[in-house]
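Step one of this worksheet: look at the structure below.
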Amino acid sequence: MFGQRSPAVWMGILLLSYLLFTGCTLPECPDTDGDGLPDGEYPECEGSGLVPDTNQSACYDRYSEITCPSSGASFHGQDAQYDGDQPLYVSNGDGTVTDLNTGLMWQQDPGNKVTYAEAEAGADSLGLGGYSDWRLPTIKELYSLILFSGEDPSSYPGSDPSGLTPFIDTDAFAFEYGDTSSGERLIDSQWATSSVYLDTVMGGAECFFGVNFADGRIKCYPTTNKTYFVIYVRGGSAYGENDFIESDDGTVTDQATGLMWEQDDSGTGIIWEDALARCEDSSLAGFDDWRLPNAKELHSIVDTSRSPGTTSSAAIDPVFNVTTILNEAGQTDYPSYWTGTTHANWQGGGDAAAYVSFGRAMGYFLGQWQDVHGAGAQRNDPKYGDPGDYPYGRGPQGDAIRIYNHVRCVRAAGLDSET
């Protein structure tokens, strides 16, 4: 079902109102081949490789929401203080939705849950909107839809989700929480992708990276014995492909997204507020506008063709230098990196921030430490505290709680502006 209009939709309404008031018009977007998408010679009409914003507008300290801090103050430089390309969707009136940022066209309603085998096969028989080129999205494509204006319902005491806010635009897309009447948890709203993990998790299970739009995470879910929501996608087939250029000044630029990255990471793990400060204070390569990346930006450099167990590397292009660590099982591994995105909860708290695992996403499961969600998972850690308080992790799969995560700063000169 559809909820109230989201901030992203209101932004679209305001944009159209502005254009009508000023007499300006949107660019004409010819479709001479009749495929329902703008012609390739009109790039202003077909979206871009730029990473859509997370839609997070509130600032937080270690535990709760605060007035956004000024430059130089503690907790300055977090997600809400930088504006990217705001989510903007258009319903096409035929059960499809077009994302004006990415150029991707989406199925609007996932319908009932299906097995992963059914998800893989379903695009072949889908003729939605009169199109026959639907496909199961990649993890980067599906993750482009996540909104961190959502609130994690974990431990929510009840089965009525009407007061909860999911991590997807419920005006643009149909969404359901897990069906508690059939034994599911409220958080059981996992959505499938085509991105199968190169390695295995949880003692040898094959899995794919999926997005949970109920609790705002990426995890590697089993390809058997479970069902998932699915929306298919078409167009914008280059979205999520990187085009890295290495400079001799310690930076790497992704020409696909317009983001410039530190080539080296922080070399050691630090708490979230120190991660914010480290990037805000950086002057690498003579630039003074470095910042901690938001969750979508950091995930944009995940390379799902790599993993510690199969390529003996982090899940990132080798143009980047990555610190090695010993994980909870004593294996040589690679760190997780903080994002500037707070992972808010249904109680209004903001004591956790999102991170992305570029090494194994460890958990204490079935009596041992092991990779439970795959290199490329996006989870969250407390912003402050003692990792020793979590000797067996946290949550159903015993997610490792490190608190001291690594950092890789980003900048986007001319693309994002601080608010």
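The values are calculated or read from the model by the stated rules, or taken from the named source; none is laboratory data. On a predicted model such as this, the values are computed, not experimentally measured, just so you know. Here Cβ is always computed from backbone atoms with ideal geometry, including for glycine, and neighbour counts include all displayed protein chains.
Annotation note: Cβ proximity below 7 Å between a residue of the range 215-237 that is at pLDDT below 95 and a residue that is of a type in the set (Val, Ile, Thr) (sequence gap 6+ or interchain) occurs for Gly236/Thr102. Please tell me if Ala315 is touching a strand residue (DSSP E or B) at 6+ places or on another chain (Cβ under 7 Å) and either buried (at least 18 other Cβ atoms within 10 Å of the Cβ) or more than 28 Å from Asp243 (Cα to Cα) (or both). Considered against the rule, which asks whether it is touching a strand residue (DSSP E or B) at 6+ places or on another chain (Cβ under 7 Å) and either buried (at least 18 other Cβ atoms within 10 Å of the Cβ) or more than 28 Å from Asp243 (Cα to Cα) (or both), Ala315 comes out as yes. Scanning the range 92-101 for residues that are at pLDDT below 95 and of a type outside the set (A, V, I, L, M, F, W, C) yields one hit, Asn101.
Restricting attention to the range 199-214, does a residue exist that is buried (at least 23 other Cβ atoms within 10 Å of the Cβ) and either among the β-branched types (Val, Ile, Thr) or not assigned by TED's automatic domain parsing to the domain that holds Leu104 (or both)? Yes, the range 199-214 contains a residue that is buried (at least 23 other Cβ atoms within 10 Å of the Cβ) and either among the β-branched types (Val, Ile, Thr) or not assigned by TED's automatic domain parsing to the domain that holds Leu104 (or both).
For the range 293-307, the candidate set comprises residues that are touching a helix residue (DSSP H, G or I) at 6+ places or on another chain (Cβ under 9 Å) and outside any loop (DSSP other than H, G, I, E, B); within that set, the residue that is surrounded by the most Cβ atoms within 10 Å (Cβ to Cβ) is Ala295. Filtering Arg411, Arg360, Arg394 for residues that are over 17 Å from the mean Cα position of the chain (by Cα), assigned by TED's automatic domain parsing to the domain that holds Ile325 and surrounded by fewer than 20 Cβ atoms within 10 Å (Cβ to Cβ) leaves a single hit, Arg394.
Residues that are within 21 Å of the chain's Cα centre (by Cα) and at pLDDT below 95 within the range 110-165 comprise just one, Ser154.
Looking only at the range 115-138, residues that are in contact with a Gly (Cβ under 7 Å, 6 or more places away or on another chain) and of a type outside the set (Ser, Thr, Tyr) come to 2 in all. For the range 313-334, taking the residues that are charged (D, E, K, R) and part of a loop (DSSP other than H, G, I, E, B), the one that is farthest from Asp248 (Cα to Cα) is identified as Glu328. Screening the range 50-99 for residues that are among the charged types (D, E, K, R) and within 23 Å of the chain's Cα centre (by Cα) and picking the one that is surrounded by the most Cβ atoms within 10 Å (Cβ to Cβ) gives Asp79.
With the structure loaded, tell me whether Thr310 is under 22 Å from the mean Cα position of the chain (by Cα) and either assigned to a loop (DSSP other than H, G, I, E, B) or farther than 24 Å from Leu147 by Cβ (or both) or whether it fails that test. Here the answer is no, as Thr310 does not meet what is asked.
Scanning the range 100-156 for residues that are touching a Ser or Thr at 6+ places or on another chain (Cβ under 9 Å) and at positive phi turns up Gly103, Gly129.
This table checks each residue for (1) hydroxyl-bearing (Ser, Thr, Tyr); (2) within 20 Å of the chain's Cα centre (by Cα).
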site: Ala172; (1), (2): no, yes
site: Arg185; (1), (2): no, no
site: Tyr197; (1), (2): yes, yes
site: Cys207; (1), (2): no, yes
site: Phe213; (1), (2): no, yes
site: Tyr228; (1), (2): yes, yes
site: Gly236; (1), (2): no, yes
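If you go through the range 246-273 and pick out every residue that is surrounded by fewer than 16 Cβ atoms within 10 Å (Cβ to Cβ) and assigned to a helix (DSSP H, G or I), you end up with 0. Only one of the listed residues (Leu104, Leu126, Leu136) is in the same structural domain as Val211 (by TED's automatic domain parsing), more than 30 Å from Gly349 (Cβ to Cβ), surrounded by fewer than 19 Cβ atoms within 10 Å (Cβ to Cβ) and of a type in the set (A, V, I, L, M, F, W, C). That residue is Leu126.
Report yes if some residue within the range 335-349 is assigned to a loop (DSSP other than H, G, I, E, B), surrounded by fewer than 24 Cβ atoms within 10 Å (Cβ to Cβ) and either touching a helix residue (DSSP H, G or I) at 6+ places or on another chain (Cβ under 9 Å) or of a type outside the set (Gly, Ala, Ser) (or both); otherwise report no. Yes, some residue in the range 335-349 is assigned to a loop (DSSP other than H, G, I, E, B), surrounded by fewer than 24 Cβ atoms within 10 Å (Cβ to Cβ) and either touching a helix residue (DSSP H, G or I) at 6+ places or on another chain (Cβ under 9 Å) or of a type outside the set (Gly, Ala, Ser) (or both). Exactly one residue out of Thr193, Thr170 is modelled with pLDDT of 95 or more, outside the structural domain of Ile316 (by TED's automatic domain parsing), within 26 Å of Ala361 (Cβ to Cβ) and β-branched (Val, Ile, Thr), and it is Thr193. Annotation note: Cβ proximity below 8 Å between a residue of the range 55-73 that is of a type in the set (Val, Ile, Thr) and a residue that is outside any strand (DSSP E or B) and buried (at least 16 other Cβ atoms within 10 Å of the Cβ) (sequence gap 6+ or interchain) occurs for Ile66/Phe75.
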